[in-house]
1. Within the bounds of region 208-218, is there any residue that is within 24 Å of Leu61 (Cα to Cα) and at pLDDT 95 or above?
2. I need every pair where a residue in region 77-93 that is in contact (Cβ under 8 Å) with a residue 60 or more places away in the chain has its Cβ under 6 Å from the Cβ of a residue that is surrounded by fewer than 14 Cβ atoms within 10 Å (Cβ to Cβ) and small (Gly, Ala, Ser), sequence separation at least 6 or different chains.
3. Counting only residues that are of a type in the set (D, E, K, R) and within 17 Å of the chain's Cα centre (by Cα), which one in region 55-69 is nearest to Thr89 (Cα to Cα)?
4. Any idea how many residues of region 180-199 are surrounded by fewer than 16 Cβ atoms within 10 Å (Cβ to Cβ) and closer than 22 Å to Ala244 by Cα?
5. Restricting attention to region 148-202, report how many residues are small (Gly, Ala, Ser), assigned to a loop (DSSP other than H, G, I, E, B) and either under 15 Å from Leu77 (Cβ atoms) or at pLDDT 95 or above (or both).
6. Can you name every residue in region 65-93 that is surrounded by fewer than 17 Cβ atoms within 10 Å (Cβ to Cβ) and either closer than 19 Å to Ala42 by Cα or of a type in the set (Phe, Trp, Tyr) (or both)?
7. Looking only at region 94-137, which residues are polar (S, T, N, Q) and within 25 Å of Ser47 (Cβ to Cβ)?
8. Please find, within region 203-223, the residue that is farthest from the chain's Cα centre (by Cα) out of those that are assigned to a helix (DSSP H, G or I) and within 14 Å of Ile159 (Cα to Cα).
Amino acid sequence: MFANEVELRSSDAQSPSAGVSAAVESERSELQEILVMANGAAIKFTSYQESVTKLLELVKLPNELKKYDKIVLKPHLSTPENSTPVDFTESVLKFVLQNKNPIAEVFIVEGADGFQTFDLFEELKYKELAEKYSIGLIDLNNSETEEMQNGFFLKFQSIDYPKILLESFVITLPKLVENEEYDLQGSLSTMLGAFPASHYKNFYSRIKNKIRKWPMKYSIHDINRCKLPNFSVIDASSKGRILAGLPIAIDKQAAKLLDQDWRTVPHIRTIDENFQEKE
């Protein structure tokens, strides 16, 4: 899906000659806004609608979307400052609806940790978004699950995993922010929402405390062992970028935007070391 790694910087462009047309200069200017890497790409942020559309066309996402009958968008929803902005999700949703195959169903899903998912859907305007585009909202905390066993789990013997994710093309939509519990919020860590609270919280608890019996890198690793997201789009607009691609690769790039070395981010390093396929 993606080209080999190449970076285009403004400083790489030579001064325009008198014979270069305005159209060519315009195209060169657009290229200078884009970073194409192995398994992903990033674009300079201008607006959600413009940047997301350009980026998803660049990585040829429509070719993948047309192969599936179910498509799931998985934002991260928690406190307002850490939640995926609804305007960002809408820009991805519009692109998906315009480029999917005609019979494909589209859902927005989340399994909030420490909150009621449908309260967040309403408070953060996701209910309004779903009604606007006539798509479904699913609370993963109470959805139908399948027991997954995997010899590559590092801590869990089995995981009750939402069936809707197994049946769908999964696109994660995290907002890039630092996180006290697992260093950064990105494509891989947002899959913690796939642990259903109905199975992973104690009776009197609001949080999924059963995934916190050990360092979070293990829970993030094991939930991604059930199924690695098919694709991810990261809202790094606070750092002037939107990123898109395969989750391990773009989480490594996202770490750079936060001035972190991905090798020092426990869950990214653990997944990189243990996933032999490495996308």
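The values are calculated or read from the model by the stated rules, or taken from the named source; none is laboratory data. Just so it is clear, the structure is predicted and the values come from calculations on it, not from any experiment. Cβ placement follows ideal geometry from the backbone for every residue including glycine, while neighbour counts extend to all protein chains displayed.
1. No, that holds for no residue.
2. Pairs that qualify, where the first residue is in contact (Cβ under 8 Å) with a residue 60 or more places away in the chain and the partner is surrounded by fewer than 14 Cβ atoms within 10 Å (Cβ to Cβ) and small (Gly, Ala, Ser): there are none.
3. That would be Glu57.
4. 0
5. 4
6. Asp87
7. Answer for region 94-137, where residues must be polar (S, T, N, Q) and within 25 Å of Ser47 (Cβ to Cβ): Gln98, Asn99, Ser134.
8. The initial filter retains those residues of region 203-223 that are assigned to a helix (DSSP H, G or I), namely 209-211, 216-223.
Remaining after also requiring within 14 Å of Ile159 (Cα to Cα): 210-211, 218-223.
Numbers: Lys210: 24, Ile211: 20, Tyr218: 19, Ser219: 17, Ile220: 14, His221: 15, Asp222: 17, Ile223: 14 Å.
Filtering first and then ranking leaves Lys210.
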